[in-house]
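This report refers to the structure that appears directly beneath it.
Each value in this text was obtained by applying a stated rule to the coordinates, not by laboratory testing. Please read all numbers here as calculations on a predicted model, not as lab measurements. We place every Cβ from the backbone using ideal geometry, glycine too, and count neighbours over all the protein chains shown.
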Amino acid sequence: MAYELQGSIKLIYDLQTFPSGFSKREFVVTTTADRFPQDVKFECVKEKTSMLDNVNVGDQVNVFFDVRGNEFKEKYYVNLVAWKMEPLGSISDVKGALGDGGSAGSRSGTAPEPPGGYFDEDSDDSIPF
């Protein structure tokens with residue numbers, strides 16, 4: 001089963017090559033789809049490592065991936081293996097589209113208001129974990 005996730009590239013790690021000839025490259029995507037931003041680490045293997053050559057930190061992307069799991073010495077591991085990536089634009093492209101280089105919710109001369117409800121004492125879900 002294939003999955004997809006949209007977000008911005010936070011980190012791109014160097015290519016790792018192993019003595020067996022296997023190679024992989026990892027990267028982190030920050031998504032804001034939920035109430036709190038999530039940093040999700042993916043890996044590309046073999047020839048798919050080259051899809052990271054055309055993206056930069058800050059670029060908005062849509063990542064298509066599979067979930068892979070394995071057991072080693074009675075410990076279980078989960079890997080998110082990316083097999084396709086579509087660029088959605090970069091942060092500078094988004095700022096340029098806004099026209100003023102600012103955020104869509106900001107007013108000139110004032111700081112943007114934080115979203116409400118995060119630390120509302122009457123709310124049962126005010127803690128992010």
Karplus ³J(HN,Hα) for segment 66-81 (6.51 cos²θ - 1.76 cosθ + 1.60, θ = phi - 60°; Hz, whole; x = Gly/Pro) runs 10, 9, 10, x, 8, 10, 9, 6, 6, 10, 10, 10, 10, 10, 9, 9
Filtered hits (lysines, Cα-Cα < 26 Å from Lys10, offset >= 8 within chain) -> Lys24, Lys41, Lys46, Lys48, Lys84, Lys95
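Send over the semi-axes of segment 2-98's equivalent ellipsoid, whole angstrom and largest first, taken as the square roots of 5 times the C-alpha gyration tensor eigenvalues. Could the numbers behind the result be given before it?
On the way: eigenvalues 135, 55, 22 Å².
Equivalent ellipsoid semi-axes, largest first: 26, 17, 10 Å.
Loop only per DSSP, at most 11 neighbouring Cβ atoms within 10 Å: give me the trypsin sites (Lys or Arg not before Pro) in segment 1-92, ordered by residue number.
Numbers: sites: Lys10, Lys24, Arg25, Arg35, Lys41, Lys46, Lys48, Arg68, Lys73, Lys75, Lys84; in loops: Arg35, Lys73.
Of the trypsin sites (Lys or Arg not before Pro), the ones in loops of segment 1-92 whose Cβ has at most 11 other Cβ atoms within 10 Å are Arg35, Lys73.
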